[in-house]
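The values are calculated or read from the model by the stated rules, or taken from the named source; none is laboratory data. Just so we're clear, the structure is a prediction, and the values are computed from it rather than from any experiment. For neighbour counting, all protein chains shown are included, and Cβ atoms are generated from backbone atoms with ideal geometry for every residue, glycine included. Keep in mind that these areas ignore ligands, DNA and RNA; they rest on the heavy atoms of the full protein, side chains included. Shrake-Rupley method; radii C 1.70, N 1.55, O 1.52, S 1.80 Å.
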2 protein chains.
Amino acid sequence: MLSNACKYAIRSILYLAINSSEDNKIGVKVIAEELETPQPFLAKLLQQLTRDKLVSSTKGPNGGFYLDSKNRKNAIWDVIISIDGTGKFDNCFLGLAKCDDRNPCPVHFIVAPFKDKILDSFRDKTIDEYVVEIKNTNRVISLKDLDLFEDEES
Amino acid sequence: MLSNACKYAIRSILYLAINSSEDNKIGVKVIAEELETPQPFLAKLLQQLTRDKLVSSTKGPNGGFYLDSKNRKNAIWDVIISIDGTGKFDNCFLGLAKCDDRNPCPVHFIVAPFKDKILDSFRDKTIDEYVVEIKNTNRVISLKDLDLFEDEES
DNA sequence: ATAAAAAAAGAGATTCTTATCTTAAACTCG
DNA sequence: CGAGTTTAAGATAAGAATCTCTTTTTTTAT
């Protein structure tokens, strides 16, 4: 459904939304470590996102990537378009060239509502709103913030 | 979510379930044409499915692929395992190594119910049952049985 | 025998992912 | 101001996975 590249990109954007600011820019190295993604690959993705004005960056000491208030008004959907292009999402789950409500594949009516829901989430919500939701509901975007419950014995 | 290979395989199985029998074996060439898939690639997939006893085949004149009654008791899920292996389906939508109800990614609770539903459909239903459903509800597995409504003017 | 078809193996192409290296910009400090 | 350091940007290409095609072999029916 989404390429690895796109998944990395989405997580990076969310990471930056949560952790960065104009006064706190973050280098690729740190982002890659935090999200456990291949560093050079991520660098390329961030460049792409920067070209498309989805993230901001400055070079030099204390430089790095960050989201300004404008960037935060974009949606996850914009990231998907920037990295994967629009096509992948709309494809039929079984690979039919033409599959829609009128000529549905055997699983079309299982897949369609799901796509609607996740599109709602990706397209109609700004990054800002997304972050609020993530914080309120305690969501996870890297292994680092895992809540493992391993040795609780209180 | 599924590789192209797997999508081809699923559609082939359904095609064979609907159109073939022990007395009516179907060659790769025909299947590939009907489903509009690359022929040699499909051949390889059908061989794999045959090795895993998901489809039956005989060589020689009047030979071809078909489903016997045993094959028809399998599920789509078996096809997925045979072609893609089990992994792909269970992966987190955002690529997190560990994403579950306890440590959910930001879209986990959107994706999870969908996965449950489609797993129900793929795992708990035999090919036979699937075909009944397809016939009853007029589903499409190739471009050939498209119901185009293009020039209706009755 | 001969012809038809799957089985098998592998070559080629394309796309996706990751890595390396060079260049350019921006800040820091003397 | 100017040299040096830091960091992103960009170019290139290596590696891996996926997809497609070709050729040869084996089996089976007639």
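Before moving on, here are some points about what is shown:
- The sole residue among A:90, A:52, A:78, A:101 that is closer than 30 Å to residue B:141 by Cβ and modelled with pLDDT of 90 or more is A:101.
- Filtering segment B:64-93 to residues that are within 16 Å of DNA strand D (Cβ to nearest atom), closer than 30 Å to residue B:107 by Cα and not small (Gly, Ala, Ser) leaves B:79, B:80, B:81, B:83, B:84, B:86, B:88, B:89, B:90, B:91.
- Checking each residue in segment A:44-76 for being surrounded by fewer than 16 Cβ atoms within 10 Å (Cβ to Cβ), free of Cβ contacts under 8 Å to residues at least 40 places away in the same chain and not polar (S, T, N, Q) picks out A:44, A:51, A:52, A:53, A:59, A:60, A:61, A:63, A:70.
- When residues in segment B:77-119 are screened for being open to solvent by less than 10 Å² (accessible area, probe 1.4 Å) and either in contact (Cβ under 8 Å) with a residue 60 or more places away in the chain or touching a strand residue (DSSP E or B) at 6+ places or on another chain (Cβ under 8 Å) (or both), 3 of them pass.
- Matching residues in segment A:16-56 - criterion: being β-branched (Val, Ile, Thr), within 25 Å of residue B:97 (Cβ to Cβ) and within 15 Å of DNA strand C (Cβ to nearest atom): A:26, A:28, A:31, A:37
- Scanning segment A:130-142 for residues that are under 15 Å from residue A:10 (Cβ atoms) and surrounded by fewer than 15 Cβ atoms within 10 Å (Cβ to Cβ) turns up just one, A:133.
- Filtered residue count, segment B:23-63, keeping only those that are in a loop (DSSP other than H, G, I, E, B), in contact with a helix residue (DSSP H, G or I) (Cβ under 6 Å, 6 or more places away or on another chain) and near DNA strand D (Cβ under 8 Å from one of its atoms): 1
- Residue in segment B:1-42 that is surrounded by the fewest Cβ atoms within 10 Å (Cβ to Cβ), counting only those that are of a type in the set (Gly, Ala, Ser) and under 15 Å from residue B:82 (Cβ atoms): B:3
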